[in-house]
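Participant: First the structure, then my questions, so here it is.
Since every read-out is calculated from the coordinates, none of them should be taken as a lab result. Computed from a predicted structure; not experimentally measured. Cβ atoms come from the backbone with ideal geometry, glycine included; neighbour counts cover every protein chain shown.
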Amino acid sequence: MEKALLVTIALNSEKGNWRLEDIAYELEELVRTCRVEALDNITCVCHKPTPNFLIGSGKARELALLAGELQADTLIFSHDLSGTQQRNLEEVIGKKTVDRTQLILDIFARHAKSLEGKMQVELAQLQYLLPRLVGKGIVLSRQGGGIGTSGPGETRLEVDRRRIRKRIDKLKKDLSALTLHRQTIRKRRKENALPTVVLVGYTNAGKSTLLNALTNAGQVVSGGLFTTLDPLYKSLQLPNGENIVISDTVGFLHNLPHHLIEAFKATLEEVVEADLLIHVLDIAHPRIYEHYQAVLEVLKQLNAGEKPVITALNKIDLLHDKGPIDQLKKDFPGAVAISAKLRENFESLFKEIENNFSGRMLELKVIIPHSRMDLVDLFYREGKIKKIDYLHEGIRIHLNLPKVLHHKLLHNKEIKIVNSNI
């Protein structure tokens, strides 16, 4: 197992509510997800960042001595480093350095399973590496395993800039083609009047667990960060009979690098096109308010900040005291407290979803011939049958049905509409 010395940096010039210890804890979580042994976590407050080392040459020499004593293989920084800063630090310390973006990309590379996911990771890695391909030395000679070498990025280090730019252009073109394919599928869903609900939230908030609980999706669930990278779409029938499509997304993170959002825009387009977002929050996490704000910031960057949202306060099973739930519901209007793991209080969640789509369903009574059992199958599949009676004159059905399907059946002379709520 690779051994790393962690360096948590807080810059006075950066605004935010994140405390140094919280930044340190999240860095440790990222490193743990990469299966790297953290030897120590050194905290550093930078009053005036330096262009050559970020943390200053004196602090760099201090880290060099500590890394030698601990026999660390790598130094991992909580802050992004420029190509110059990374190169200078490696020359002084004599060890491989990895910054926050590299760490996140390494996790993405480990978790990407689909062709599109792998392409998006490679694109982000190459865009990160391109400005860092300067000269010789540690940056260009990393071979073998270890953090920062997962995925295709490392195999591209020894090629020239021209070939890298050519590969970037090819990846962008291929991803655009996949985007057009997804748009075609999305258009077909809209034609069938299938609403789309997308789960968003901070990484490790429980989105995949919720998707599994709602749809038996079989998504991989673990305690690590960014477990879900490739989106998954599943159909779900609500208690009122309406069918929807529900999708998971990659987890968000505070100060998520903008170019990572750009690289994964093809996937994150589902957030923009969604009819409804379910913002999953870890109610047991001490930084729940900061997580909430971090997700809102990413949604704004995606131009999805005005989407209708249901806030799902997840993991109530981890609360020993249920008292804070009422206060959190006040702080997050329209929130629903649930446990995705125990499938607790899903009735309230379904009700909130149905309320958002209340205008799409129609209650009616119809009579159809006995010979049209195919219509009975259709009503069971696309709506919710409340009562069905087999009479002499035909089959009388009391049901909820999507309005779009009702309009399609209006001109069917075999269907007699007894009454409806419109």
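Participant: Share of Cα-Cα pairs in region 358-412 beyond 18 Å, in percent?
Facilitator: 25
Participant: Below 8 Å, C-alpha to C-alpha, sequence gap of six or more: please give me the relative contact order for the chain in percent.
Facilitator: Over the chain, the number comes to 11 percent.
Participant: Output the 0 to 90 degree angle, nearest 10, between the alpha-carbon long axis of helix 83-93 and the longest principal axis computed from the alpha carbons of the chain.
Facilitator: It works out to around 50 degrees.
Participant: A further question on this structure: Just to be sure I understand, if you calculate P(r) over Cα pairs in 10 Å bins from 0, in percent for this structure, which of (i) 4, 18, 21, 17, 13, 11, 8, 5, 2, 1, 0, 0; (ii) 4, 22, 32, 26, 12, 3, 0, 0; (iii) 4, 19, 25, 22, 15, 8, 4, 3, 1, 0 do you get?
Facilitator: (iii)
Participant: Follow-up question, since we're still on this one. Provide Rg over Rh for region 193-356; use the alpha carbon set for both Rg and the Kirkwood Rh (inverse mean inverse pair distance).
Facilitator: 0.93
Participant: Past 31 Å, Cα to Cα, is the threshold; run 59/166; 48/265; 96/118 against it and keep the listed order.
Facilitator: Distance filter (> 31 Å) returns 59/166; 48/265.
Participant: Going by alpha carbons, how many degrees (0 to 90, nearest 10) lie between the helix axis of 100-111 and the longest principal axis of the chain?
Facilitator: So the helix axis and the longest Cα principal axis differ by about 50 degrees.
Participant: With a point put 7 Å past each Cα toward its Cβ, work out how far residue 37 is from residue 306 in nm, to one decimal.
Facilitator: Modelled inter-label distance: 5.4 nm.
Participant: In nm, give the distance between the simple-model label positions of residue 372 and residue 351, each being 7 Å from the Cα along the Cα-to-Cβ direction.
Facilitator: 3.5
Participant: For the chain, what does -39500 (n - 2.57) per DSSP helix run (n ≥ 4), summed and divided by total residues, give at 222 nm, in deg cm²/dmol to the nearest 500?
Facilitator: That calculation yields -12500 deg cm²/dmol at 222 nm.
Participant: Taking the chain as the reference, fit the longest principal axis to its C-alpha atoms, fit the long axis of helix 346-356 to the helix C-alpha atoms, and give the angle between the two in degrees, 0 to 90, nearest 10.
Facilitator: On a 0 to 90 degree scale, this one is about 80.
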